[in-house]
Amino acid sequence: MDYATYLACGWPIATGVIEGACRHLVKDRCELSGMRWTIDGAEALLHLRCIHENGDWDAFHAFRRRQRHQRLYAVPYPDDTATPLDLHALDPRAPIPPALAA
């Protein structure tokens with residue numbers, strides 16, 4: 001590692017930043033009193049925790065609902081003009097598209 005270059009760029013060279021992120025994301029959640037985890041269960045939980053920490057919780061669930069609808073019913077989601085992460089398309093107060101109103 002070229003420490004001088006990293007310091008000149010303002011990049012962290014210590015492991016403290018990484019250790020702090022790991023503690024915050026992993027240890028604080030997975031090492032609570034009495035908790036036991038399988039590898040698959042811990043990985044699934046950490047994926048969701050990262051989605052939440054990145055501020056993508058609502059967008060993820062909108063995407064998940066669209067994917068579930070497609071898998072269960074094998075037809076496009078009712079509002080076919082929406083992108084998978086368009087949260088406004090899931091608003092029940094939104095106007096019904098003309099193609100679906102008939």
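Just a few scattered comments:
- Residues that are in a helix (DSSP H, G or I), at pLDDT below 80, of a type in the set (A, V, I, L, M, F, W, C) and surrounded by 10 or more Cβ atoms within 10 Å (Cβ to Cβ) are absent from the range 50-60.
- Taken as a whole, the range 64-81 holds at least one residue that is within 24 Å of LEU25 (Cα to Cα) and either modelled with pLDDT under 90 or basic (Lys, Arg) (or both).
- When the residues of the range 3-45 are filtered to those that are within 25 Å of the chain's Cα centre (by Cα) and of a type in the set (Gly, Ala, Ser), the one that is nearest to TRP57 (Cα to Cα) is ALA44.
- Members of the range 26-49 that are surrounded by fewer than 14 Cβ atoms within 10 Å (Cβ to Cβ), in a helix (DSSP H, G or I) and modelled with pLDDT of 90 or more: ILE39, ASP40, GLY41, GLU43, ALA44, HIS47, LEU48
- Contact annotation: residue pairs with Cβ atoms under 8 Å, 6 or more positions apart or on different chains, pairing a residue in the range 8-34 that is touching a residue at least 12 places away in the same chain (Cβ under 8 Å) with a partner that is part of a loop (DSSP other than H, G, I, E, B), are ILE13/MET1; CYS30/TRP37.
The values are calculated or read from the model by the stated rules, or taken from the named source; none is laboratory data. Bear in mind that the values here come from a model prediction, so they are computed numbers and not experimental data. Here the Cβ is made from the backbone with ideal geometry for all residues, glycine too, and neighbour counts use every protein chain on show.
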